[in-house]
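Participant: Right, I'll just put the structure down here and ask away after.
The values are calculated or read from the model by the stated rules, or taken from the named source; none is laboratory data. Because the structure is a prediction, the values reported are computed rather than measured. For neighbour counting, all protein chains shown are included, and Cβ atoms are generated from backbone atoms with ideal geometry for every residue, glycine included.
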Amino acid sequence: MSNQRAEGRKLAILAADGFEQIELTSPKEAIEAAGGDTKIVSIEKGFIHANKHREHGDSFHVDMSLEEAKADDFDALLIPGGLFSPDTLRTNDRAKDFVSKFFEQKKPVFAICHGPQVLISANLVNGREVTGFPAIQQDLRNAGGKVKDQSVVVDGGLVTSRSPDDLGDFNAKIVEEICEGKHARQRESVTA
């Protein structure tokens, strides 16, 4: 029964064209293997296209658009990285609002690689312990984050990771955190 410990938990995966494929598929498989349910949320319905590093990856069906998705309907949120998806999402007000709602509701949020850029643009990093792809670590610092160069960093329901190389540690923490549910320490950023 322990392999079904996330049963009844729902994970929203927020992505747009150009996400890093393994950073969506690997955590998705981990949650589903633990009995949880996942839904891909994007700017519009249809399909989004992955990258595998600099090569084109597969296409993925979008389960819900941001217009129809509500944080209330999910237990946690995953933001995969990649060069293009976070860049698109961070300039979309509906995406930033969707992410912010998870923080307001004290639900776990998971971001890997370039995914934390969405958190930066939603003003959710200040005062938080975080990590990300080495190229964005200075951006995280500039946004007030307390950056740690570790495979996974957990700060009161916010779980961040650096790259696909860290997916083993990241996935283990995702399953653990989604099973724990709401986190009293999850909060929006604090002013310095």
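Participant: If you go through region 106-127 one residue at a time, do you hit one that is surrounded by fewer than 24 Cβ atoms within 10 Å (Cβ to Cβ) and modelled with pLDDT under 95?
Facilitator: So far as region 106-127 goes, yes, one or more of its residues are surrounded by fewer than 24 Cβ atoms within 10 Å (Cβ to Cβ) and modelled with pLDDT under 95.
Participant: Of the residues that sit in region 164-181 and are under 11 Å from Phe133 (Cα atoms) and free of Cβ contacts under 8 Å to residues at least 60 places away in the same chain, which one is surrounded by the most Cβ atoms within 10 Å (Cβ to Cβ)? Before you say what the answer is, go through the steps one by one.
Facilitator: Taking region 164-181 first, the residues under 11 Å from Phe133 (Cα atoms) are 164-166.
Among the residues that remain, those that are also free of Cβ contacts under 8 Å to residues at least 60 places away in the same chain are: 165-166.
Working: Asp165: 11, Asp166: 19.
Per the stated criteria, the residue is Asp166.
Participant: Can you tell me which of Asp155, Asp139 is farther than 18 Å from Glu20 by Cβ and not polar (S, T, N, Q)? Walk me through how you get there before you give the answer.
Facilitator: Working: Asp139 fails: farther than 18 Å from Glu20 by Cβ.
Testing whether each residue is farther than 18 Å from Glu20 by Cβ and not polar (S, T, N, Q) leaves just Asp155.
Participant: In region 65-92, which residues are part of a loop (DSSP other than H, G, I, E, B) and closer than 19 Å to Gly46 by Cα? Can you show your working first?
Facilitator: Going residue by residue through region 65-92, those that are part of a loop (DSSP other than H, G, I, E, B) are 66-70, 74-75, 80-84, 90-92.
Listed by number, the residues that qualify are Leu66, Glu67, Glu68, Ala69, Lys70, Pro80, Phe84, Asn92.
Participant: Please verify whether Gly157 is modelled with pLDDT under 95 and touching a helix residue (DSSP H, G or I) at 6+ places or on another chain (Cβ under 7 Å), treating the condition exactly as stated.
Facilitator: On the way: modelled with pLDDT under 95: yes; touching a helix residue (DSSP H, G or I) at 6+ places or on another chain (Cβ under 7 Å): yes.
For Gly157, the condition - modelled with pLDDT under 95 and touching a helix residue (DSSP H, G or I) at 6+ places or on another chain (Cβ under 7 Å) - is met.
Participant: Could you please give the count of residues in region 95-117 that are among the hydrophobic types (A, V, I, L, M, F, W, C) and either out of contact with any Leu (no Cβ under 8 Å at 6 or more places or on another chain) or assigned to a loop (DSSP other than H, G, I, E, B) (or both)? Steps first, answer last, please.
Facilitator: Within region 95-117, the subset among the hydrophobic types (A, V, I, L, M, F, W, C) is 95, 98-99, 102-103, 109-113.
Add one more test, that the residue is either out of contact with any Leu (no Cβ under 8 Å at 6 or more places or on another chain) or assigned to a loop (DSSP other than H, G, I, E, B) (or both), and what stays is 113.
Selection size over region 95-117: 1.
Participant: Could I ask something else about it? Checking the structure you have, find out if any residue of region 118-141 is within 12 Å of the chain's Cα centre (by Cα), of a type outside the set (A, V, I, L, M) and in a helix (DSSP H, G or I). Give the steps one after another, and end with the answer.
Facilitator: Keep residues of region 118-141 that are within 12 Å of the chain's Cα centre (by Cα), which gives 118-119, 132.
Filter again for of a type outside the set (A, V, I, L, M), leaving 132.
From what is left, the residues that are in a helix (DSSP H, G or I) are none.
The answer is no; no qualifying residue exists.
Participant: Could we say that Ser59 is under 22 Å from Thr131 (Cβ atoms) and of a type outside the set (Phe, Trp, Tyr) here? Before the answer, list the steps.
Facilitator: Numbers: under 22 Å from Thr131 (Cβ atoms): no; of a type outside the set (Phe, Trp, Tyr): yes.
No.
Participant: If I filter region 3-58 down to residues being among the hydroxyl-bearing types (Ser, Thr, Tyr) and touching an Asp or Glu at 6+ places or on another chain (Cβ under 9 Å), which single residue comes out as surrounded by the fewest Cβ atoms within 10 Å (Cβ to Cβ)?
Facilitator: Top of the filtered list is Thr25.
Participant: Report whether or not Gly82 is closer than 23 Å to Pro134 by Cβ and either crowded, with 17+ Cβ neighbours inside 10 Å or at pLDDT 95 or above (or both).
Facilitator: yes
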